[in-house]
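Engineer: Pasting a structure here, questions to come.
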Amino acid sequence: MLLLSIDTSGKFGSIALAQGSADGSCTVLEVAPLEGGTFSSLLVPQIASLLAKHGFGKEDIGAFTAVSGPGSFTGLRVGLAAIKALGEVLQKPIAAVSLLEAVAFEGKTPGEGISALDAGRNEIYAAEFQVHETVKLLSERLLTQEEFLACARGRVAVTPDRAVADLARRVASQVVEIDRPRSDAIARLGWRKILSGDTASVETLDANYIRRSDAEIFSRPDR
């Protein structure tokens, strides 16, 4: 089955085409980078270009996978809006993947632990997880550095962000550093979800920002 995978959660993003097999394997055909700040204008044309390059049309897509958060408010909205539009037209399954889930899964070490990402403002996105054949997220939270240090005692999976990695090394028994997952990693994890029936409808697919937007944080009730 042909998969289209999208990640627009960060400053830079990517889209991937992959072939998913019934045995759970997922072969990535190509990963195409997306420049930050251009998601809204270039995402759909780049999807069309990537499909055409490999001799496919949108009708050939059998399923979608996409990062649902945490990350850029604008980027996530743009990416998920594109998936919703394609999903509604084509009526194909959609797997939403947390970036924290992908960090945990790409860490490759079975067991329990915490995956972490820099959230800026001296805060950290963190998720408790269990990894066996796949990954199960137990919770996702926005933590202060002090809160992170209090809970990061076991195994911690992080991307190569020095601030978070250095904090984790102060208290964790094991720190696993991985590259920030791209859309190909999202496709592999998302395909497992699709095979297990863990999918979202166009109506229920939504971003999981974890942190509230600045507009929500600083808004005041009308007087």
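Engineer: Of the residues VAL103, VAL28, only one is of a type in the set (Val, Ile, Thr) and under 23 Å from SER139 (Cα atoms); which?
Structural biologist: Exactly one residue qualifies, and that residue is VAL103.
Engineer: Can you name every residue in the stretch 1-37 that is in contact with a Lys or Arg (Cβ under 8 Å, 6 or more places away or on another chain) and crowded, with 17+ Cβ neighbours inside 10 Å?
Structural biologist: Selection gives ASP7, GLY10, SER14, ALA16, ALA18, CYS26, VAL28, VAL31.
Engineer: Among the listed residues VAL164, VAL89, VAL135, VAL158, identify the single one that is outside the structural domain of LEU195 (by TED's automatic domain parsing), over 17 Å from the mean Cα position of the chain (by Cα) and touching a residue at least 24 places away in the same chain (Cβ under 8 Å).
Structural biologist: Of VAL164, VAL89, VAL135, VAL158, the one residue that is outside the structural domain of LEU195 (by TED's automatic domain parsing), over 17 Å from the mean Cα position of the chain (by Cα) and touching a residue at least 24 places away in the same chain (Cβ under 8 Å) is VAL164.
Engineer: Exactly one condition in (1) under 24 Å from LEU117 (Cβ atoms); (2) free of Cβ contacts under 8 Å to residues at least 24 places away in the same chain; (3) small (Gly, Ala, Ser); (4) assigned to a helix (DSSP H, G or I) is not met by GLY75; state its number.
Structural biologist: (2)
Engineer: List, please: which pairs have Cβ atoms under 9 Å, are six or more places apart or on different chains, and start with a residue in the stretch 182-203 that is within 10 Å of PRO93 (Cα to Cα) and end with one that is charged (D, E, K, R)?
Structural biologist: If the second residue must be charged (D, E, K, R), the pairs left are ASP198/ARG192; THR199/LYS193; ALA200/ASP206; VAL202/LYS84; VAL202/GLU88.
Engineer: Here's a check for you: in the stretch 106-122, which residue that is buried (at least 17 other Cβ atoms within 10 Å of the Cβ) and not in a loop (DSSP other than H, G, I, E, B) is modelled with the lowest pLDDT?
Structural biologist: Checked the stretch 106-122; the qualifying residue modelled with the lowest pLDDT is GLU106.
Engineer: Which of the residues spanning the stretch 1-42 are within 15 Å of ALA81 (Cα to Cα) and touching a helix residue (DSSP H, G or I) at 6+ places or on another chain (Cβ under 6 Å)?
Structural biologist: SER5, ILE6, ASP7, THR8, SER9, ILE15, PHE39, SER40, listed by residue number.
Engineer: Oh, and also: Mind counting the residues in the stretch 123-140 that are surrounded by fewer than 15 Cβ atoms within 10 Å (Cβ to Cβ) and of a type in the set (D, E, K, R)?
Structural biologist: The total comes to 2.
Engineer: Only one residue in GLY69, GLY20 is under 23 Å from GLY197 (Cα atoms), of a type outside the set (A, V, I, L, M) and in contact with an Asp or Glu (Cβ under 9 Å, 6 or more places away or on another chain), so which one is that?
Structural biologist: None of the other options fit; the residue is GLY69.
Engineer: Can you say whether SER40 is surrounded by 12 or more Cβ atoms within 10 Å (Cβ to Cβ) and in a helix (DSSP H, G or I), as far as the supplied structure shows?
Structural biologist: Answer is yes for this residue.
Engineer: Of all residues in the stretch 114-132, which are over 18 Å from the mean Cα position of the chain (by Cα) and closer than 22 Å to ASP198 by Cα?
Structural biologist: Result: HIS132, single match.
Engineer: Which of the helices (runs of 4 or more DSSP H) contained wholly in the stretch 141-197 include at least 2 residues that are closer than 15 Å to ALA116 by Cβ and not hydroxyl-bearing (Ser, Thr, Tyr)?
Structural biologist: Per the criteria, 145-151, 162-171.
Engineer: Okay, next question. For LEU50, are the conditions met, namely being in contact with a helix residue (DSSP H, G or I) (Cβ under 8 Å, 6 or more places away or on another chain) and either free of Cβ contacts under 8 Å to residues at least 24 places away in the same chain or in a helix (DSSP H, G or I) (or both)?
Structural biologist: No; evaluated as a whole, the condition is false for this residue.
Engineer: Look through GLY62, GLY57 and report the one residue that is closer than 16 Å to ARG192 by Cα, out of contact with any Ser or Thr (no Cβ under 8 Å at 6 or more places or on another chain) and either modelled with pLDDT of 95 or more or hydroxyl-bearing (Ser, Thr, Tyr) (or both).
Structural biologist: The conditions single out GLY62.
The values are calculated or read from the model by the stated rules, or taken from the named source; none is laboratory data. Remember, predicted model here, so these are calculated numbers, not experimental data. With ideal geometry, Cβ positions are generated from the backbone for all residues, glycine too; neighbour counts draw on all protein chains shown.
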